[in-house]
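Asks: Before we start, here is the structure in question, set down as structure tokens.
The values are calculated or read from the model by the stated rules, or taken from the named source; none is laboratory data. Bear in mind the structure is a predicted one, so any value in this text is a computation, not a measurement. Heads up, the Cβs are rebuilt from the backbone with ideal geometry, glycines too, and the neighbour counts pull from every protein chain shown.
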Amino acid sequence: MLPVVSIVGRPNVGKSTIFNRLIGSRKAIVDDQYGVTRDRHYGESFWNGRRFNVIDTGGYLPDESDVLVAGVREQVHIALEESDVILFVVDAEGGITSLDQAVAELLRKQDKPVLLVPNKADNDERTLNATEFYALGFEQLFPISAINGRGTGDLLDELVKLLPEEQEEEEDKTPKLAIVGRPNVGKSSFINALLNNERCIVTDIPGTTRDSINSRLTYENKDYILIDTAGLRKKRKVKENVEFYSTVRTDRALKECDIAILMLDAMRGFEAQDKHILREAEKYNKGIVIVLNKWDLVPEKDTHIHKEFEEYIYSRAPMMDYVPIVSISALSGQRIHKVITVADRVLQERRKRISTPDLNDFINRILKEKPLPIRRGVPLKIKYCTQVKSNPPVFKFFMNIPKELPANYRRFIENKIRQEFGFEGVPITMTFKKK
Ligand code: GDP
Ligand code: GDP
């Protein structure tokens, strides 16, 4: 897990400009479904050999001035909870405002390292004048110009010194299950239901990451680490902040886990955000299980209704019908074990390795069933195939003209692999090489 640096400060001091400078050309998280104002607010940066995540907490503040103060305060509070180092940005051009003073007061009262950054110090004169910010009560100043880069090297040198030591994490091989999903679908209730169940033993892992609460689960003599992304239980005034951090948290949990358990509320349907999480999990090649929670609220639970829900979800997330769906009630505890059983099955599937002879036998059979087309007079041929890796699985195919392979044939192969070998809940990577 990378350390986190948050950028706080009142609007217009240059937070996003600094963020963009720190992130550079690296790709920030861009969630187009959230609209433009939420673009580029979380991304990875690199300085003196240290990598860290940067969060720009700006852009979510209400316009009305009375709510603004509350908004900035809240932004600071969340930043404190979520980060290792804070960049407190002020405006060297405009000088100290009462809002700066309020933020300074909040930041001085706690232990996290804070760097006071007067921005827009574009020239010598403004850099000198920035000394007025000593009045905010911090020992050091790091005047910069986010626009022309002045002072940013010194700031970054200091910043990386303050990052927590890189922990040589001794590889814990315990499989990690991340419970992800939109707010209020029942993630915490599910974890509580496991806690209260006599067949499960759940213990806290002390001192784990600041932004997700990890616990150890033992079920049927097997150990798992649960990554709970619910967090931020407290009531927040600025709802967008909660959602933004929940996106950040979800992204980190998805990167860290072996299995992503996407929880849905059966009464609320499947939305763009759910699909986004699924696609991310797939992109990171994690095992995936979908859990339909609040099943107790579904009227007429006849045998067809689960199937209907399945069809509905698969229709919303095309090509993801390899993902198993379990309907549960976190409230009553109904089928909560099944989630763990299915997640375990997906773990095994993800580790599965198919022998090369079996694969080649398989490929010959499917080539007979559906011959490859002819391209520019040359019949396409797949010569052989091996699984080069498991956990997650990667298949390598050798063929004469890889770039001519039709997309639908690729899908056909994937479907056939699943029919023949399973890989339930597991994204499959296939590469085609010239031979
Ligand atoms: P935020 O609201 O704190 O995220 O601020 P922005 O990054 O949107 O910047 C607000 C305004 O200040 C924009 O017009 C920027 O171009 C400008 N700005 C940001 N950094 C600098 C700087 O280093 N020097 C100058 N002169 N202007 C800057
Ligand atoms: P989270 O934000 O995803 O962690 O969701 P919570 O666990 O806080 O649950 C949100 C709300 O849904 C709470 O009021 C829960 O009591 C309720 N809830 C959670 N699971 C169930 C369930 O299985 N059935 C019903 N009827 N309500 C549930």
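Asks: Which numbered condition trips up E93, out of (1) assigned to a helix (DSSP H, G or I); (2) at pLDDT 90 or above; (3) among the charged types (D, E, K, R)?
Replies: (1)
Asks: Now, a different point. Tell me, yes or no, whether region 119-134 has at least one residue that is assigned to a strand (DSSP E or B) and of a type outside the set (G, A, S).
Replies: Step one: list which residues in region 119-134 are assigned to a strand (DSSP E or B), which gives 119.
Keeping just the survivors that are of a type outside the set (G, A, S) gives 119.
The answer is yes, given that some residue of region 119-134 is assigned to a strand (DSSP E or B) and of a type outside the set (G, A, S).
Asks: Any chance region 287-309 includes a residue that's closer than 18 Å to F421 by Cβ and either within 16 Å of ligand 1 (Cβ to nearest atom) or aromatic (F, W, Y) (or both)?
Replies: First, pick out the residues of region 287-309 that are closer than 18 Å to F421 by Cβ: 287-288.
If we keep only those that are either within 16 Å of ligand 1 (Cβ to nearest atom) or aromatic (F, W, Y) (or both) too, we end up with none.
No: region 287-309 contains no residue that is closer than 18 Å to F421 by Cβ and either within 16 Å of ligand 1 (Cβ to nearest atom) or aromatic (F, W, Y) (or both).
Asks: I've got another one for you. Quick one: which of R51, R73 is at pLDDT 75 or above, within 28 Å of the chain's Cα centre (by Cα), assigned to a helix (DSSP H, G or I) and not assigned by TED's automatic domain parsing to the domain that holds H276? I'd like the intermediate steps shown before the answer.
Replies: Values: R51 fails: assigned to a helix (DSSP H, G or I).
Answer to the selection: R73.
Asks: If S83 passes every condition in (1) at pLDDT 95 or above; (2) more than 16 Å from ligand 1 (Cβ to nearest atom) but one, which one does it miss?
Replies: (1) is the only condition that S83 fails.
Asks: Regarding region 393-407, can at least one residue be identified that is charged (D, E, K, R) and in a helix (DSSP H, G or I)?
Replies: Of region 393-407, the ones charged (D, E, K, R) are 396, 403-404.
Among the residues that remain, those that are also in a helix (DSSP H, G or I) are: 403-404.
Taking every residue of region 393-407 in turn, at least one turns out to be charged (D, E, K, R) and in a helix (DSSP H, G or I).
Asks: Right, next: Go through the residues of region 304-316 one by one and say whether even a single one is away from ligand 2 (no atom under 16 Å from the Cβ), at pLDDT 95 or above and crowded, with 18+ Cβ neighbours inside 10 Å.
Replies: Checked region 304-316: at least one residue is away from ligand 2 (no atom under 16 Å from the Cβ), at pLDDT 95 or above and crowded, with 18+ Cβ neighbours inside 10 Å.
Asks: Determine if region 324-332 includes at least one residue that is of a type in the set (S, T, Y), more than 16 Å from ligand 2 (Cβ to nearest atom) and in the same structural domain as T250 (by TED's automatic domain parsing).
Replies: Here is the first cut: in region 324-332, the residues of a type in the set (S, T, Y) are 327, 329, 332.
Now narrow it down to the ones that are more than 16 Å from ligand 2 (Cβ to nearest atom): none.
Within region 324-332 (the criterion being of a type in the set (S, T, Y), more than 16 Å from ligand 2 (Cβ to nearest atom) and in the same structural domain as T250 (by TED's automatic domain parsing)), the answer is no, since none of the residues qualifies.
Asks: Here is a follow-up. Mind counting the residues in region 118-146 that are within 13 Å of V89 (Cβ to Cβ) and within 12 Å of ligand 1 (Cβ to nearest atom)? Please lay out each step first, then the result.
Replies: Of the residues in region 118-146, the ones within 13 Å of V89 (Cβ to Cβ) are 118-121, 130, 133, 136, 138, 141-146.
Okay, now just the ones that are also within 12 Å of ligand 1 (Cβ to nearest atom), so 118-121, 130, 143-146.
Residues flagged as within 13 Å of V89 (Cβ to Cβ) and within 12 Å of ligand 1 (Cβ to nearest atom) within region 118-146 amount to 9.
Asks: Given E280, E256, which one is in contact (Cβ under 8 Å) with a residue 60 or more places away in the chain and not hydrophobic (A, V, I, L, M, F, W, C)? Outline the logic, then answer.
Replies: Values: E280 fails: in contact (Cβ under 8 Å) with a residue 60 or more places away in the chain.
Just a single option satisfies the conditions, and that option is E256.
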